[in-house]
1. Determine whether Val10 is buried (at least 17 other Cβ atoms within 10 Å of the Cβ) and in a loop (DSSP other than H, G, I, E, B).
2. More than 11 Å from the chain's Cα centre (by Cα), of a type in the set (Gly, Ala, Ser) and open to solvent by 40 Å² or more (accessible area, probe 1.4 Å): does that describe Gly15?
3. Within region 23-55, work out how many residues are part of a loop (DSSP other than H, G, I, E, B) and either open to solvent by 40 Å² or more (accessible area, probe 1.4 Å) or in contact (Cβ under 8 Å) with a residue 40 or more places away in the chain (or both).
4. Which one is surrounded by the fewest Cβ atoms within 10 Å (Cβ to Cβ) among residues in region 56-88 that are farther than 22 Å from Thr16 by Cα and of a type in the set (A, V, I, L, M)?
Amino acid sequence: MFVRRIALEVVREDGTASPVPLRGLDSFAMRNFTNDAIFDDTLPLADGLMEAGLRVPLDLLHDRMEDWLRRKGYLGRDEKLRVSEVSE
């Protein structure tokens, strides 16, 4: 089910990046909070890293997670989320 590794980074206005904290990934991945069954196919592993199934579209993951992280204070007003698939 979890066949892809996804890197998630907070990108600051100056271009520097850091991994999204695991606690932010954990809270997003819990369906009780997202109310979207498609994200049941995500598994946070570590800061800035999660596994996901093939049915999780990266563009939707980016949009929903960026909104979630901003509302919960993990992402500042001038910061962006970068989501990318990690090739192994």
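1. no
2. Yes; evaluated as a whole, the condition is true for this residue.
3. 7
4. So, considering only residues that are farther than 22 Å from Thr16 by Cα and of a type in the set (A, V, I, L, M), the one surrounded by the fewest Cβ atoms within 10 Å (Cβ to Cβ) is Leu60.
The values are calculated or read from the model by the stated rules, or taken from the named source; none is laboratory data. What you see is a predicted model; the values in this text were computed from it and never measured. Cβ: placed from backbone, ideal geometry, glycine included. Neighbour counts: every protein chain shown. Please note that ligands, DNA and RNA were not included when accessible areas were found on the heavy atoms of the full protein model with its side chains. Shrake-Rupley method; radii C 1.70, N 1.55, O 1.52, S 1.80 Å.
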